[in-house]
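Working notes, beginning with the structure itself.
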Amino acid sequence: MGAGRHGDLFLENRENCLQDTVPSMTTTPGPTRVPRSMALYERATQLIPGATQLVSRRPNRTAYGVSPVYAQRARGARFWDVDGFEYIDWMSGIGSILLGYADPEVDEAVRQQISRGTVYAVNHELEIELAEELCRSIPCAEMARYAKCGGEACAIAVRIARGVTGRDKILFCGYHGWHDWYLAANLSEEANLNAHLFPGIEATGVPRALAGTALPFPYGDIAALGELLDRHRGQVAAVIMEPLRSVMPAPGYLAGVAQLAREHGAVFIFDEVSTGLRFSMGGAQQHLGVTPDMAVFAKSMSNGYPMAAIVGKREVMEPSARMFISSTYWSDTIGLRAALTTIREARRRDVPSRLWQLGAELKRRLNAVAQEVGLDAQCEGVDVHPQLHFAVAEGQLAGYVTTLYIQEMAKRGCHGYASFYLNAAQGEAELAQTTHAARETFAFIRDALHTNSVKQALECPVQQDAFRRLVR
Ligand SMILES: Cc1ncc(COP(=O)(O)O)c(C=O)c1O
């Protein structure tokens, strides 16, 4: 960026941008365990603003200088990093992998598709086949549109809701991507996302004219949502939310949200980008027995190939035929073929049931190990998305203990946060290795806590949690 007006603005705005993006290598005390990863990261910082394309892939989200930053290849439940270490991926490609890496069925279907061309001047029947498949399995789905990423699909859903209702305001609960409609929440005085979700992220670059158009509501508080809807009566186009992450909603809560949204004439949307096909073949909505007007799927639906779907009831979806929502690559047959094959394979292999069993067993073993070594830690949450909690009195120390956990598990070949994204390639070998690693790691943390040496035991800065989640 040159000098002058734009340069000045740039410098001013730069102060407002995400601050923690690029810690220098000098913040790693001592020699790094993953020198090739860190060298690549250093190269990336020179060429790629923020170094990575997704905040969750920044090295300061895990154990900086200890955890892998760059992968070389992956297969099944595991990946290999550029330093030659092998890991179980307990993040499942940040949720995008459902069947396992390099799934033979999906990859073969994609290979065959590639040999027939991937995108044409005209359409491909796969678009219709996938829509039929989605409408068969997802309760709210009567029509479907496609996109490539979760945030993009959320933006389309919001556009449709605004178009259908002729209203502007969006009430949301959860993380819904990077687009203007959503970050607009941070334009208002109260800095909504700052307080609730994304501390440190400013709405830099988002038009100020959007202030007051996106308003968060707290999960689980039906009265708060009712008040918000009353205050903005007749102006709310959509209530969009993550139905849950790891904690089951209170009985009747989501049905109550649906009822309130409909009473106020707002489109009720589930963002199922993260829940996806893990809960059931019909998404979390089928598992929970609450049917929204629209839903957004991405990540798990195509086993890692870029693909997203916006599905919903005919009366909401149909009018979008007259809205300008259009892009060349949404017809790309690689994503369509990958999604169709992933969904069919997930059904054939009964993947959701397997994930429920796997998660239950993972929780059981980790809780048994915590008890065995005498560490006050619990693995809780819904079985398909377990979360580890370390009971440490001092709030500040919690971040250190979680980082210590990530650090020690990484050294033992387990990559992840203190929560687990499951996939169908994970099995007994992964459970056994993880239990063994956790036994040693928990004992290490227990000893560090007893001797007041948690901070000294850390070989990296404290992990920076990307989100303070609205939906747990
Ligand atoms: C619930 C939810 N919505 C939207 C998104 C954004 O998806 P993407 O990163 O594919 O744009 C995510 C990503 O983590 C998500 O978890």
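The values are calculated or read from the model by the stated rules, or taken from the named source; none is laboratory data. Computed from a predicted model, the values in this text were never measured in an experiment. Heads up, the Cβs are rebuilt from the backbone with ideal geometry, glycines too, and the neighbour counts pull from every protein chain shown. Please note that ligands, DNA and RNA were not included when accessible areas were found on the heavy atoms of the full protein model with its side chains. Shrake-Rupley method; radii C 1.70, N 1.55, O 1.52, S 1.80 Å.
Given the conditions (1) in contact with a strand residue (DSSP E or B) (Cβ under 7 Å, 6 or more places away or on another chain); (2) surrounded by fewer than 20 Cβ atoms within 10 Å (Cβ to Cβ); (3) hydroxyl-bearing (Ser, Thr, Tyr), report the number of the one that Thr435 does not fulfil.
Among (1) in contact with a strand residue (DSSP E or B) (Cβ under 7 Å, 6 or more places away or on another chain); (2) surrounded by fewer than 20 Cβ atoms within 10 Å (Cβ to Cβ); (3) hydroxyl-bearing (Ser, Thr, Tyr), Thr435 violates only (1).
Which residues, taken from the range 135-167, are within 16 Å of the ligand (Cβ to nearest atom), over 17 Å from Thr328 (Cα atoms) and open to solvent by 40 Å² or more (accessible area, probe 1.4 Å)?
Arg159, the sole residue that qualifies.
From Arg159, Arg167, which residue is assigned to a loop (DSSP other than H, G, I, E, B), within 15 Å of Ile240 (Cα to Cα), of a type in the set (D, E, K, R) and modelled with pLDDT of 90 or more?
Values: Arg159 fails: assigned to a loop (DSSP other than H, G, I, E, B).
It is Arg167.
Taking the range 84-130 on its own, how many of its residues are surrounded by 22 or more Cβ atoms within 10 Å (Cβ to Cβ) and without any contact (Cβ under 8 Å) to a residue 40 or more places away in the chain?
Selection size over the range 84-130: 0.
Please go through the range 33-63 and pick out each residue that is in a loop (DSSP other than H, G, I, E, B), under 17 Å from Met91 (Cα atoms) and aliphatic (A, V, I, L, M).
Within the range 33-63, Leu54, Ala63 meet the criteria.
Spot the failing condition for Phe198; the list is (1) open to solvent by less than 30 Å² (accessible area, probe 1.4 Å); (2) at pLDDT 95 or above; (3) closer than 21 Å to Ser419 by Cβ, and only one is missed.
Only one criterion in (1) open to solvent by less than 30 Å² (accessible area, probe 1.4 Å); (2) at pLDDT 95 or above; (3) closer than 21 Å to Ser419 by Cβ is unmet by Phe198, namely (2).
Filter the range 52-79 for residues that are within 16 Å of the ligand (Cβ to nearest atom) and among the aliphatic types (A, V, I, L, M); which is surrounded by the most Cβ atoms within 10 Å (Cβ to Cβ)?
Across the range 52-79, the extreme among qualifying residues is Val55.
So in the range 295-321, with the set limited to residues that are more than 21 Å from Cys140 (Cα to Cα) and not aromatic (Phe, Trp, Tyr), which one is nearest to the ligand (Cβ to nearest atom)? I'd like the intermediate steps shown before the answer.
First, pick out the residues of the range 295-321 that are more than 21 Å from Cys140 (Cα to Cα): 303-306.
Still in the list and also not aromatic (Phe, Trp, Tyr): 303-304, 306.
On the way: Asn303: 14, Gly304: 12, Pro306: 8 Å.
Checking each candidate, the answer is Pro306.
I'm checking my understanding of the structure. Among residues of the range 327-367 that are charged (D, E, K, R) and farther than 28 Å from Ala144 by Cα, which one is most open to solvent (accessible area, probe 1.4 Å)?
Quick first cut of the range 327-367, residues charged (D, E, K, R) only: 332, 337, 344-345, 347-350, 354, 361, 363-365.
Add one more test, that the residue is farther than 28 Å from Ala144 by Cα, and what stays is 361, 363-365.
Values: Glu361: 47, Lys363: 33, Arg364: 138, Arg365: 47 Å².
Applying the filter and picking the extreme gives Arg364.
Within the bounds of the range 42-57, is there any residue that is over 25 Å from Gly413 (Cβ atoms), aliphatic (A, V, I, L, M) and modelled with pLDDT of 95 or more? It would help to see each step written out before you state the result.
Going residue by residue through the range 42-57, those that are over 25 Å from Gly413 (Cβ atoms) are 43, 45-50, 53.
Right, trim to aliphatic (A, V, I, L, M) and you get 47-48.
When the remaining residues are screened for being modelled with pLDDT of 95 or more, the result is 47-48.
Scanning the range 42-57 turns up at least one residue that is over 25 Å from Gly413 (Cβ atoms), aliphatic (A, V, I, L, M) and modelled with pLDDT of 95 or more.
Of the residues in the range 168-178, how many are near the ligand (Cβ under 9 Å from one of its atoms) and open to solvent by 40 Å² or more (accessible area, probe 1.4 Å)? Steps first, please.
Quick first cut of the range 168-178, residues near the ligand (Cβ under 9 Å from one of its atoms) only: 174-178.
Going one step further and asking which of them are open to solvent by 40 Å² or more (accessible area, probe 1.4 Å), we end up with 175, 178.
Residues meeting the conditions: 2.
State the number of residues belonging to the range 368-380 that are farther than 16 Å from Thr402 by Cα and open to solvent by 40 Å² or more (accessible area, probe 1.4 Å).
Keep residues of the range 368-380 that are farther than 16 Å from Thr402 by Cα, which gives 368-369, 371-374.
Now narrow it down to the ones that are open to solvent by 40 Å² or more (accessible area, probe 1.4 Å): 368, 371-372, 374.
Qualifying residue count, the range 368-380: 4.
Residue pairs, Cβ under 7 Å, 6 or more apart or interchain, first in the range 343-369 and part of a helix (DSSP H, G or I), second open to solvent by 50 Å² or more (accessible area, probe 1.4 Å). List them.
Cβ pairs passing all conditions: Glu345/Glu105; Asn367/Gln378; Val369/Arg439.
Would you kindly identify the helices (runs of 4 or more DSSP H) lying entirely within the range 204-319 that contain at least 1 residues that are of a type in the set (D, E, K, R)? Talk me through it step by step, then tell me what you get.
Values: elements: 222-231, 253-263, 276-279, 283-288, 314-317.
In the range 204-319, 222-231, 253-263, 276-279, 314-317 are the helices (runs of 4 or more DSSP H) which contain 1 or more residues that are of a type in the set (D, E, K, R).
Does Tyr101 count as in contact with a His (Cβ under 7 Å, 6 or more places away or on another chain) and either more than 16 Å from the ligand (Cβ to nearest atom) or among the aliphatic types (A, V, I, L, M) (or both)? Break it down into steps so the answer makes sense when it comes.
Details: in contact with a His (Cβ under 7 Å, 6 or more places away or on another chain): no; either more than 16 Å from the ligand (Cβ to nearest atom) or among the aliphatic types (A, V, I, L, M) (or both): yes.
For Tyr101, the condition - in contact with a His (Cβ under 7 Å, 6 or more places away or on another chain) and either more than 16 Å from the ligand (Cβ to nearest atom) or among the aliphatic types (A, V, I, L, M) (or both) - is not met.
Just give me the residues in the range 249-294 being in contact with a strand residue (DSSP E or B) (Cβ under 6 Å, 6 or more places away or on another chain), charged (D, E, K, R) and more than 14 Å from the ligand (Cβ to nearest atom), in sequence order.
Across the range 249-294, the qualifying residue is only Asp293.
Would you mind stating whether Cys173 is touching a Gly at 6+ places or on another chain (Cβ under 7 Å), more than 15 Å from Ala298 (Cα to Cα) and modelled with pLDDT of 95 or more? Reasoning before the result, please.
Numbers: touching a Gly at 6+ places or on another chain (Cβ under 7 Å): no; more than 15 Å from Ala298 (Cα to Cα): yes; modelled with pLDDT of 95 or more: yes.
No, not satisfied.
Could you say whether any residue in the range 352-361 is in contact with a Gly (Cβ under 9 Å, 6 or more places away or on another chain) and within 16 Å of the ligand (Cβ to nearest atom)?
no
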